[in-house]
Amino acid sequence: MAVDMRLPSVRKQVTDSLLSATTGKHLVVPGDVITSDTGFMRGHGTYMDEEKLTASVAGEVERVNKLICVRPLKTRFNGEVGDVVVGRITEVQQKRWKVETNSRLDSVLLLSSVNLPGGELRRRSAEDELTMRHYLQEGDLISAEVQSVFSDGALSLHTRSLKYGKLGQGVLVQVSPSLVKRQKTHFHNLTCGASIILGNNGYVWLYPTPGQQDEEAGGYYTSMEPVSLSDREVISRLRNCLLALAAHKVLLYDTSVLYCYESSLSHQIKDILKPEVMEEIVMETRQRLMDQEG
Amino acid sequence: MATVQVSEAEKVYIMHGVRDDLRVDGRGCEDYRHMEIETDVVSNTDGSAKVTLGHTVVLVGIKAEIGKPKPMVTDEGYLEFFVDCSANATPEFEGRGGEELGTELSNTLYKVFNNRNSIDLRGLCISPGEHCWVLYVDVLLLQCDGNLFDAISVAIKAALFNTRIPKVHISEDEEGGKEIELSDDPYDCMRLNVENVPCIVTLCKVGHRHVVDATLLEKACSVASLLISVTQRGTVTCVRKVGGGSLDPESIFEMTETGKRVGKALHAPLMEVLQKEESLEKKRQKVGFLG
């Protein structure tokens, strides 16, 4: 039994000049004038206010030739073809599933773009349509890839690879999509003993590293065997580390997560989320990341 | 109530975790999340408090007004509760969506707090049968992440501790008419004795065990929960079962015992924080909502 009660602490003020001096980034909040030069084009996250280009979201200014955009820090997911996403089934419809992927509109997963048990070249029969809920039902989590983007921004997903499919036992952590670093691979077997899927949409899935995979099931078989306590400890620690990193706006990728995990080892798992512990381990992680970059 | 969707495999993972006494966020079954308490956050109330428990945020404001005592008990003041479920907490509360939950919460709070064993209601009486203080307790849910009852009860206790009621003098003129005079000095006020004000502990039955301070995810895996209000001395003042599932007598007994132990331990750190905050007085840096 433990209760930790305290007075709230005032967040430390980081002066704007110091921040942009160290990172070299142009950071803005809504209403900030980016430029009063009329020679620029208005991109996402900006608007014209009395002939001045003004930010409409809080984030970093990006310039491509004459086009000025603001990339927001906190946002919904703007999918691109090839992005790895983790999502939750919200609806089963005619020949398709609706998937919640943290985008502005629900994504669709067509029955024709999933791998059904029984091999690659199987015809989808009417029977398959009737047993769709048998494969994926409301509330189930999946990992998938963005196949195409519709004109209204909604995403079409596919799971036509054995690495995608239904997710089994594990923990979902939700962070802002802008905190997930784009990388060659978003599936990692971390050396600390658990696996991680860093979805581009800000949904991160932590799960025990699987043994050998059963190819026949086509990714739709989930084990309900209890996860061992040691695996659980690692996953819980990773979960709290991810939240700590996200709270301090550190980019998430395999190295940062692993460094944070290692610096948290001196603390108990449940203590990681206390503000002072969180600050300490994130500081340590940042330092190590900087040392590594040189 | 704000609900979340959970897949079967996630449920299994959470339930096995509770069985092993290691929850998803690393806590044991009887651990609370990190809690932050601040009082005197709303200037136009007589007492207020804001409590943050994980991602659950509640704000409580107390206003004292002079009213007529209830006809059944003429020598006591009383408390009125109103719970506002802000649509900020979850879009489900938009429009009239939060009304049902709000009524349920305020009815429970009324049962737990509005009795002479919890608060000295006699002290709120000004002149028997004619005038008494009515404390309007307004609860605002700003964010929901499970365990609303515990957070609200802690916030109410903190706000009651923070409440200052102006002193009044009754003067009688020759014809026997009474007149109430409010003291001009804003510091001339009385405070409430919060010694016997209980805190609510919610125990959720997950699998074969029970957990305190359940998150929304854990709540989704539990069939039924038990509310237990416990005072500083460990006296149980109210027990209520919520949720659709059933509990067998044996587990109710176990849960009451846990609730008693946990509830009793909740008061000491709470009073410590409140005393500490008060001793800081002017030196205290107010954090409020933007800090």
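Throughout, read-outs are computed from the coordinates displayed, never taken from laboratory work. The shown structure was predicted, so the numbers you read here are calculated from the model rather than taken from an experiment. Cβ: placed from backbone, ideal geometry, glycine included. Neighbour counts: every protein chain shown.
Each residue in A:D106, A:D83, A:D140, B:D185 was given a count of other beta-carbon atoms within 10 angstrom of its own, and listing them fewest first yields B:D185, A:D106, A:D83, A:D140.
By the count of neighbouring beta-carbon atoms within 10 Å, fewest first, B:M190, A:M278 end up ordered B:M190, A:M278.
Between A:E62 and A:S112, the modelled label-to-label distance comes to 3.2 nm, taking each label 7 Å out from Cα in the direction of the beta carbon. Taking H as built 1.01 Å from N, whose amide H comes closer than 5 Å to the amide H of A:F77, not counting residues under 5 places away? Residues meeting the amide H criterion: A:S103, A:R104.
Mean residue ellipticity at 222 nm, helices only, the protein assembly as shown: -8000 deg cm²/dmol; runs of at least 4 DSSP H residues each add -39,500 (n - 2.57), and the sum is divided by the number of residues. A simple rule links phi to the HN-Hα coupling: the Karplus curve 6.51 cos²θ - 1.76 cosθ + 1.60 with θ = phi - 60°, which for the stretch B:158-175 gives 5, 5, 5, 5, 7, 5, 10, 9, x, 7, 10, 10, 9, 10, 10, 8, 4, 7 Hz, with x for Gly and Pro.
Note that chain B carries a Kirkwood radius of 20.3 Å, evaluated over its alpha carbons pair by pair. Distant-in-sequence amide contacts of B:T45, defined by a placed amide H-H separation under 5 Å and a gap of 5 or more residues or a different chain, comprise nothing. Among A:E60, A:E100, A:E127, the residue with the largest mean-square fluctuation in a Gaussian network model of chain A, with springs joining Cα atoms closer than 10 Å, is A:E127. Normalised by residue number, the volume inside the convex hull of the Cα atoms of the protein assembly as shown is 208 Å³ per residue. In order along the stretch A:241-258, phi translates into HN-Hα couplings of 5, 4, 5, 5, 4, 5, 5, 9, 6, 9, 4, 9, 7, 3, 5, 5, 5, 5 Hz, rounded to whole numbers, per the Karplus curve 6.51 cos²θ - 1.76 cosθ + 1.60 with θ = phi - 60° and x for Gly and Pro. The distance linking the stretch B:15-47 with the stretch B:103-131 is 27 Å (Cα centroid to Cα centroid, whole angstrom).
Converting phi to 3J(HN,Hα) with the Karplus coefficients 6.51, -1.76 and 1.60 and the offset θ = phi - 60°, the stretch A:261-267 yields 4, 5, 6, 8, 4, 7, 10 Hz in sequence order, with x at every glycine or proline. Residues considered: A:Y47, A:Y207, A:Y261. Largest GNM mean-square fluctuation over chain A, using C-alpha springs under 10 Å, is found at A:Y47. For chain A, the relative contact order works out to 13 percent when only alpha carbon pairs closer than 8 Å and six or more residues apart are counted.
What's the FRET efficiency of B:S171 with A:A2 using the Cβ-Cβ distance as r and R₀ = 56 Å, to the nearest 0.05? Efficiency computed from Cβ-Cβ geometry: 0.55. Cross-link list B:K63/B:K219; A:K181/A:K274; A:K274/B:K111; B:K219/B:K260; B:K157/B:K178; A:K74/A:K274: which exceed 31 angstrom alpha carbon to alpha carbon? Pairs exceeding 31 Å: B:K63/B:K219; A:K274/B:K111; B:K157/B:K178. Of all DSSP beta bridges confined to the stretch A:123-268, the antiparallel ones make up roughly 95%. Taking the fewest neighbouring Cβ atoms within 10 Å as the starting point, the ordered list for B:T256, A:T131 is A:T131, B:T256.
Take each residue of peptide A:280-290, count the partner chain Cβ atoms within 10 Å of its Cβ, and average: the result is 0.
Peptide A:131-143 has a mean shielding of 2, counted as Cβ atoms of other protein chains within 10 Å of each residue's Cβ.
For chain A, what does the alpha-carbon gyration tensor say about shape, rounded, prolate or oblate, given a ≥ b ≥ c as the root eigenvalues, a/c under 1.5 as rounded, and a/b over b/c as prolate? Taking the square roots of the gyration eigenvalues as a ≥ b ≥ c, chain A is oblate.
Approximating the spin labels as points 7 Å out from Cα along Cα→Cβ, the A:L251-to-A:R123 distance works out to 5.0 nm. With labels modelled as points extended 7 Å from the Cα through the Cβ direction, what inter-label distance (nm, one decimal) is found for B:Y187 paired with B:E8? Output for this residue pair reads 6.8 nm. Hey, what angle do you get for helix B:8-19 against the long axis of chain B, alpha-carbon based, 0 to 90 degrees rounded to 10? The two axes meet at around 70 degrees.
Sort the stretch B:179-291 into rounded, prolate or oblate with this rule: let a ≥ b ≥ c be the square roots of the eigenvalues of the Cα gyration tensor; rounded if a/c is under 1.5, and if a/c is not under 1.5, prolate when a/b is larger than b/c, oblate otherwise. Judged from the Cα gyration tensor, the stretch B:179-291 comes out prolate (a/c at least 1.5, a/b above b/c). Take each residue of peptide B:12-22, count the partner chain Cβ atoms within 10 Å of its Cβ, and average: the result is 5.
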